[in-house]
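Before any comments, here is the structure.
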Amino acid sequence: MSLIEFTDDNFEDEVLKSDIPVLVDFWAVWCGPCKMIAPYVEELATEFKGKFKVGKLDVDNNQNVSMKYGIRSIPTLLIFKNGEMVDQLVGALPKAKIAEKINEHIKEAVN
């Protein structure tokens with residue numbers, strides 16, 4: 001599986017220092033909407049492998065990163081490029097909407 005588990009410990013290396021854009025799914029075990037989008041996030045990790053890094057960060061176990069980016073409601077999806085947060089999606093969105101956002105950032109990277 002292409003999905004990466006991000007943590008407070010590996011966030012800087014895996015996300016901020018990544019040479020390709022990164023989608024981070026902030027989630028928790030008890031979050032119903034998070035469970036709804038989990039299969040989409042896993043599928044997108046496979047579909048965009050090599051072009052976009054996709055992973056999940058458990059907000060309960062990784063509070064430093066969650067606090068740093070002001071995560072107040074989950075699921076929240078943040079997109080990072082070159083160490084900077086460049087986009088945000090909040091809530092249980094359809095897979096097509098998440099993929100559309102990823103594609104926007106891939107096109108920007110090419111141009």
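Any read-out appearing in this document is the output of simple, stated calculations on the displayed coordinates, not a laboratory observation. Everything numeric in this text was worked out from a predicted model, so none of it was measured. Note that we place each Cβ from the backbone using ideal geometry, even for glycine, and neighbour counts take in every protein chain shown.
Data overview
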| item | result |
| --- | --- |
| Of (1) 30; (2) 35; (3) 26, the label for percent of Cα pairs over 21 Å apart derived from the coordinates | (3) |
| Percentage relative contact order, the chain, counting C-alpha pairs under 8 Å, at least six apart | 36 |
| Mean separation of Cα contacts under 8 Å, 6 or more apart, over the residue count of the range 57-111: relative contact order % | 21 |
| Which of Asp87, Asp25 has the fewest Cβ neighbours within 10 Å, and the rest in rising order | Asp87, Asp25 |
| Exposed-site-free run, longest, the chain (rule: trypsin sites (Lys or Arg not before Pro); DSSP loop; at most 15 other C-beta within 10 Å) | 73-111 |
| Net dipole in debye of the range 8-72 [+1 Lys, Arg Cβ; -1 Asp, Glu Cβ; about Cα centre; nearest 20] | 240 |
| Spin-label proximity, Asp8 to the range 21-52 - amide N less than 16 Å from point 7 Å beyond Cα toward beta carbon | 27 |
| Helix-only CD estimate at 222 nm, as mean residue ellipticity for the chain, using -39500 (n - 2.57) per DSSP H run (n ≥ 4) | -11000 deg cm²/dmol |
| The range 1-52-the range 59-111 distance, computed between alpha-carbon centres (Å) | 9 |
